[in-house]
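Asker: So that we are looking at the same thing, I have put the structure below in structure tokens.
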Amino acid sequence: MQPMGNDKPTNVPGRPVYPFPAAPHPSSPFISSGPVVGLEASGASRATSPFLSSGPGTSLGASGTPQTTAPFLSPGPITGTQMSNYRSPPQQPPVRYNGPSSPPPPTSYPAQDATTYQQTQAPRFPPPGQSVTPLWGPVGPPGSSPVGSLRPQPQIPSVPMGPPPQLATQMSSRSNMPPPLSESSFSATRPPPQPSLQGYSYVLPRGNMPPSPAELQLPAPRSVSQPQLQQAFPASHVPPVHASYHAHQGRVVPPPPPPIAGPLGYNSREQMQYPNIGPPMGGNLQGLVEEFQSLSVGSAPGVVDHGVDAKSLPRPLNGHEEPIKILETYPLNCHPRFLRLTTHAIPSSQSLLARWHLPLGAVVHPLAEVPDGEEVPIVNFGPAGIIRCRRCRTYVNPYVTFTDAGRKWRCNICSLLNDVPGEYYCALDASGRRCDVDQRPELSKGSVEFVAPTEYMVRPPMPPLYFFLIDVSVSAVRGGFLEVVAKTIESCLDELPGFPRTQIGFLTFDSTLHFHNLKSSLMQPQMLVVADLDDIFLPLPDDLLVNLADSRHVVDALLDSLPSMFQDNANIESALGPALKAALMVMSQLGGKLLVFQSTLPAIGVGRLRLRGDDLRIYGTDKEHTLRIPEDPFYKQMAAEFTKNQIAVDVYAFSEKYTDIASLGSLAKYTGGQVYHYPSFQAPTHHEKLGYELARDLTRETAWESVMRIRCGKGVRFTTYHGHFMLRSTDLLALPAVDCDKAFAMQLSLEDTLMTTQTVYFQVALLYTSSSGERRIRVHTAAAPVVVDLGEMYRWADTGAIISLLSRLAVENTLSHKLEDARQLMQLKLVKSLKEYRNLHAVQHRLGGRLIFPESLRFLPLYVLALCKSVALRGGYADVPLDERCAAGYNMMILSIRRMLKLLHPGLYRIDENLIKDSEEFNESSKQLALSAQSLDPRALYIYDDGFSFIIWLGRMLSPDLLNNTLGVDLSVFPDLSRLALLEHGHEYSRKLMRIIRRLREKDPSCFQLCHVVRQGEQPREGSLLLSNLVEDQTAGTSGYIDWILQIYRQSQSS
């Protein structure tokens, strides 16, 4: 918690308050009331209009005369000083300041209550290397000098017991945050910090104009064509100023016309393009270490296209990068692909955590795929058994310390001193490290896999087991998925893991249940039909589940005959509930994986479901969420039985009509499974996608009969868990099966008011049976520092982990609240966080009219906007079919961070140039474009990749020669592009296109991206497939990126 304003130690002034008292806050969260005061490039205070803000805008010209500015539909006065010498007739007396940069007299400060004061109190200056990213414009006016003094805080003592080194710079005076470029004191002369290391600046739009493809990258800190005027200010602390800044002084500029869409503006034209450039700053700058980059809010003098420069808004156009920087500080941590914290700096107190506002937690991906050569090492302790703490059961890891000449070791989680078994003993060197530490992966690697002895087994390790529950009603046969499923299973039999122990079985159903006898002594399988759905029994209990190696010829015969066996079936009923009960009876002895293929709404027997969601009156009411939760408790009860018997359920749903994914998906949700949804499945179009995803499901390495627990150090604990699992106790996740495509998120809380340790350790342990029948424990260990400074938490924030956890929270929120409430909650968390960060830095640096945020969270506003526009959360009844919304929600609950970010912010690439040119190789990072219709050239060809599908967009003015040679068909005689299958043809253009598609697919093997070809202007397909997913544009009543930034800015300004 920050010290009070009257405390002696740091001489921090009172809570920063804007010069004008805020008007009463209206009920709408997006409409702010009070005026926002910004700073003009000339240094005088300039009004910066928050949209819909309040009354005529009045500003002072350079000569001091009131000058009218565009009123932006605004209710209150907008005051400031203008650069221009132009005078206009006064419309109302301006509000005057005591000086260009001095705040109003204390009488204008509103009264505050103590609780608010404690929450938002911030030091007058940020600590020396704190990474601060204000959005837009220069730091402060000429002549402004820092006020107040800074005194060092007591240095945090070094960490005992040999934990990872605490950054010396991190724990330096005045802050827990290391200066990124230098560790010298304020008074030392230093070169100006690099803007790219400190933060990003965003310029708000000229109207709603999105960026052009040529100007997507964040702007350079200075112009190439015009020299900098270095002599105007001390070189050691102040950013360079653009020469043309002076050219604006004295120019006569007419008042800009009123904007059409609420704009943000600039201090000068150059600063729109080079927002890192500020005017010269006079006065004493010794206390200002950070180079602020910001963008002002208001119209630019003399510029017709008002508003925000959309080109400089931050976008993750270079793809997602894992935060491996933490490994430089904690090299013994597991790789971030396995475990990521939402901030790698744990707050030291409850009060500090209360000011964080974003979720504090972790995202765990225990079986994440690793590049070749980086496999997790396997350790076998043999008869000695695994070395664990006898109190908290932590596994030995790189952060334990050895004492007493190597005869004892201290647990890093609970600090208990444990004896070292004789067979594990090793002498210590002069520094207290074991002499064999480099030869023992468990003491030198953050991730390791232990071979578990027999005491870790409740029963003998189970064999891999696959049981297929297949709907064969008339809709299944008509859609064609039965043939695709049979062929795919048959092609994968040789690759199923666990040979020769693998077990397999089949049950088909319509209004009756069909059991298949696969006994190895048979030449052909036998089908036994059970029609009594109320009293299920197994006709041949011992021969329904067989060893694949022994009965391979019978299984092949069944799969060959399956499509033709039911091709004339006219039965329209589906008895899924009784079929699930039968499957449980078959599998209960061993466990395994149950794959359910369902093509119609279950309407007979136990678990029958009814059509929901067609009553429009329920949307927007408090009962809306009931459509997204299971209607019948039967499916959740069955999921609990499956989990108890170590059975994981994967649901494959195919239907043109409603099948109640909300209910069926709960089978996967509570058993560690997955929902695969193929709406309007047609074999000619979807067979590749189904075949690939089913094959991956069957052949990827799977951890069977698993349990997972996360231990953490003293003072913190995990409180909520999010993903697909069953919570067996308060912290034990039951996972009948888990694989490399499943990730889990959890929230963290502090147990004590004040933390007493300086480092918190986390250890993920996954106990499982491998397909080869070996019991193993995969262990990931990580450490994080405890900090007393909120700025440090922001500096070590991880946007990917935050948005991954936020997404799961939002999806779960839709199960108990309206969609609108879930979206508002995400926005509220974002606004509170940015407001808190603003309170740390804004006022003491005169950053009134700028949106400020840390460099680490520069993409967070865009990701939250994309989350609100995602299929799971956007709109209401008419925007997304209910089944697709529920399937998307189930999908988001298991995604890894990388796939989640790709889904929220897909790649958009222009590829026609690659097809035409011979030498140019396709490069995703250099080609990615902003997700806006303004990025689409009607003369070009684009590919949109969200990790689950490809949209091939054809501009209406694209060359017919290029078009026909790429697709292999003449589009003039092929009107329905939804039926077009994209295949490789003889022409070079076609080969290059398929090469690009294959390259994109190889980057994410967890899913098959189906190609959809769409022509510009082809409605409604263009709108539903592509335009509604361009998150930067305004669609169906939702905000565009620019408007979203304005809303966030206004709300973070409001008191």
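A short reminder: the numbers here are calculations on the coordinates, not readings from a lab. These figures come from a predicted structure and were not determined experimentally. No Cβ is skipped: glycine too gets one built from the backbone with ideal geometry, and neighbour counts run over all protein chains shown.
Asker: If you keep only loop residues by DSSP, which GluC sites (Glu not before Pro) in segment 663-752 have at most 14 other Cβ atoms within 10 Å of their Cβ?
Answerer: Numbers: sites: 688, 693, 701, 705, 751; in loops: 701, 751.
Sparse-neighbourhood loop GluC sites (Glu not before Pro): 701, 751.
Asker: Output the peptides 531-544, 476-489, 887-900 sorted from most to least packed, where packing is the average of other Cβ atoms within 10 Å over each peptide's residues. Write out the running numbers ahead of the final one.
Answerer: Details: 531-544: 13.6, 476-489: 21.3, 887-900: 24.2.
My ranking of the peptides, most packed first, is 887-900, 476-489, 531-544.
Asker: Right, here's the next one. Compute the distance from the alpha-carbon center of segment 1000-1036 to that of segment 363-389, in whole Å.
Answerer: Segment 1000-1036 and segment 363-389 have Cα centres spaced 39 Å from each other.
Asker: Moving on to the next point. For segment 636-686 and segment 522-598, what is the separation of their C-alpha centers, rounded to whole Å?
Answerer: 18 Å
Asker: Stretch residue 568-residue 752 to full length: gain in nm at 0.36 nm per residue minus the Cα-Cα span?
Answerer: Extra length from residue 568 to residue 752 when fully extended: 59.5 nm.
Asker: In percent, how large is the relative contact order of segment 394-449, given Cα pairs closer than 8 Å and 6 or more residues apart?
Answerer: The normalised contact order for segment 394-449 reaches 34 percent.
Asker: Report, ordered by chain and residue number, the aspartates and glutamates lying within cross-link reach of residue 818, taken as a straight Cα distance under 20 Å and ignoring same-chain residues fewer than 8 apart.
Answerer: 614, 615, 622, 624, 631, 660, 879, 883, 884
Asker: A follow-up question, please. What is the pair-distance distribution P(r) of segment 377-475, computed from all Cα-Cα distances in 10 Å bins starting at 0, with each bin given as a whole percent?
Answerer: Taking all Cα pairs of segment 377-475, the binned fractions are 13, 39, 23, 9, 7, 6, 3, 1 percent.
Asker: Further question: What number, in percent, do you get for the relative contact order of segment 381-513 if the mean sequence gap of Cα pairs under 8 Å and at least 6 apart is divided by its residue count?
Answerer: 20 percent
Asker: OK, next. Quick one: compute the contact order of segment 560-698, relative version, from alpha carbon pairs under 8 angstrom and 6+ residues apart, as a percent.
Answerer: 24 percent
Asker: Under a cut-off of 24 Å between alpha-carbon atoms, report the lysines in cross-link reach of residue 1003, not counting same-chain residues fewer than 8 places apart.
Answerer: Correct list for residue 1003: 325, 689, 742, 902, 917, 927, 992.
Asker: Could I ask something else about it? With a ≥ b ≥ c taken as the square roots of the eigenvalues of the C-alpha gyration tensor of segment 499-597, please select rounded if a/c is under 1.5 and otherwise prolate if a/b is larger than b/c or oblate if it is not?
Answerer: oblate
Asker: Shape of segment 915-1028 from its Cα gyration tensor (a ≥ b ≥ c, root eigenvalues): rounded if a/c is under 1.5, otherwise prolate when a/b > b/c, or oblate?
Answerer: rounded
Asker: If packing is taken as the average number of other Cβ atoms within 10 Å across a peptide's residues, how do 594-601, 436-443 rank, most packed first? Spell out each step's value before the answer.
Answerer: Values: 594-601: 24.0, 436-443: 15.6.
Descending packing order for the listed peptides: 594-601, 436-443.
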